[in-house]
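Enquirer: Next up is a structure, given as structure tokens.
The values are calculated or read from the model by the stated rules, or taken from the named source; none is laboratory data. The structure displayed is predicted, hence computed values, not measured ones. Counting neighbours? That spans all protein chains shown, and the Cβs are built from the backbone with ideal geometry, glycine included. Each accessible area value is taken on the protein alone, full model and side chains, heavy atoms only, with ligands, DNA and RNA left out. Shrake-Rupley method; radii C 1.70, N 1.55, O 1.52, S 1.80 Å.
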Amino acid sequence: MTTPYLLEVNNVGMQFGGLKALSDINIRVRAGEFMGIIGPNGAGKTTFFHAISGVLPPTSGEVLIGGQSMKNRQAQAFCRAGVARTFQTPRVFGEMTARENVRFALSFGRSATAPKGRSSLVIDEVMQAVGVDDVANEIAGALPPARQRQLEIAMALATSPRLLLLDEVAAGLTEGEVEDVARLIARLRTEYNLTVVWIEHAVKTLMAAVERVAVLNFGQLLADGTPAEIAANPKVIDAYLGAEVQS
Ligand SMILES: Nc1ncnc2c1ncn2[C@@H]1O[C@H](COP(=O)(O)OP(=O)(O)OP(=O)(O)O)[C@@H](O)[C@H]1O
Ligand SMILES: [Mg+2]
């Protein structure tokens, strides 16, 4: 039987020495869903992405992609299974041009075996879709951080993902720019038929964009529900939201 869940996270824990960065996390994400993750600094959000993208294997529990257990699999296997992510601190290849970065990303993805001419089309297309085609020939390391994050989205798309994980891609932007990013993500989700999980501190914009929100706090899943349920959840208001989104 096929599972309706693209991502299943079962009892995942991540221990860093004496620190439990994630405790017993259970989250399921349906194919096509748009999910947000919020929570205070140090709550374990980025660590959660590490665990579900193969960057760091969880110290307990199991991650399934498309019903397949990813136990003992490397990051590249996650990529081939259709998982792509951006990093909170952009990890572009600083010496290469933006376009070379996207070409490199493509070589790791699900369409890596595409003929060369087809690859070029994919590269141009994703750069245009994200809006980094204007800096295609610029050295990536010289781009401002916000543009490097955009470039990372293009790199992620070049791997032909099913599940796109975005870690604070709108950090440091103005309110209007954050709204633009939300619109971009929504458009990419439709155009590329993606399942999206988006971590962001810009709670209002995120809550308006996503269908479901998970809240992490001290490495634990504090709540998981619709934006309306999360905004009204007393535990979430106490731990993170304060009075900000109640009105
Ligand atoms: N590689 C590591 N080794 C040891 N401790 C780590 C490591 N990575 C993260 N931590 C710790 O794990 C906890 C969770 O960190 P994480 O980066 O996942 O939080 P976050 O929710 O993404 O926070 P932020 O909103 O600031 O990005 C923090 O206490 C952090 O210091
Ligand atoms: Mg983080």
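Enquirer: With the cut-off at 1.5 for a/c, could you classify the stretch 65-145 from its C-alpha gyration tensor as rounded, prolate or oblate?
Expert: Oblate is the answer for the stretch 65-145, as a/c is 1.5 or above yet b/c matches or exceeds a/b.
Enquirer: Okay, helix-only estimate at 222 nm for the chain: each DSSP H run of n ≥ 4 adds -39500 (n - 2.57), divide by all residues, round to 500 deg cm²/dmol; what do you get?
Expert: The helix-only estimate for the chain comes to -10000 deg cm²/dmol at 222 nm.
Enquirer: In the full protein assembly as shown, how much of Met207 is accessible to a 1.4 Å probe, in Å² to the nearest 10?
Expert: 20 Å²
Enquirer: How far apart, in nanometres, would the label points at Ala146 and Asn11 be if each is projected 7 angstrom from Cα along the Cα-to-Cβ direction?
Expert: 4.5 nm
Enquirer: In terms of solvent-accessible area of protein heavy atoms at a 1.4 angstrom probe, what is the ranking of Asp133, Asp238, highest value first?
Expert: Heavy-atom accessible area, descending, gives Asp238, Asp133.
Enquirer: A further question follows. Explain nothing, just the number: relative contact order of the stretch 85-160, from Cα pairs under 8 Å at least 6 residues apart, as a whole percent.
Expert: 52 percent
Enquirer: What is the Cα centroid distance between the stretch 66-96 and the stretch 199-244, reported in whole angstrom?
Expert: Result: 26 Å between the Cα centres.
Enquirer: Quote to one decimal, in nm, the extra length available between Ser60 and Thr89 on full extension: 0.36 nm per residue of separation minus the C-alpha distance between them.
Expert: Result for the pair: 7.8 nm of gain on full extension.
Enquirer: On to the next question. Rg (Å, one decimal) plus Dmax (Å, integer) for the alpha carbons of the chain?
Expert: Here Rg and the maximum Cα pair distance are 17.6, 55 Å.
Enquirer: Under a Cβ-Cβ cut-off of 10 Å, what is the net charge of the residues other than Gly66 that fall near it, where Lys and Arg count +1 and Asp and Glu count -1?
Expert: Here the charged neighbours net out to 0.
Enquirer: Among 186-194, 94-102, what's the highest-first ranking by average C-beta atoms within 10 angstrom per residue?
Expert: The peptides rank, most packed first, as 94-102, 186-194.
Enquirer: Right, next: Per residue, how much accessible surface does the chain expose to a 1.4 Å probe? Answer in Å², no decimals.
Expert: Per residue, the chain has an accessible area of 46 Å².
Enquirer: Next question. Within the chain, what whole-number % of the accessible surface is contributed by carbon and sulfur, with the 1.4 Å probe and all protein chains included in the calculation?
Expert: Reported share for carbon and sulfur atoms: 52 percent.
Enquirer: Mind giving me the FRET efficiency for Asp124 and Thr3? R0 is 25 Å, r the Cβ-Cβ distance, nearest 0.05 is fine.
Expert: 0.10
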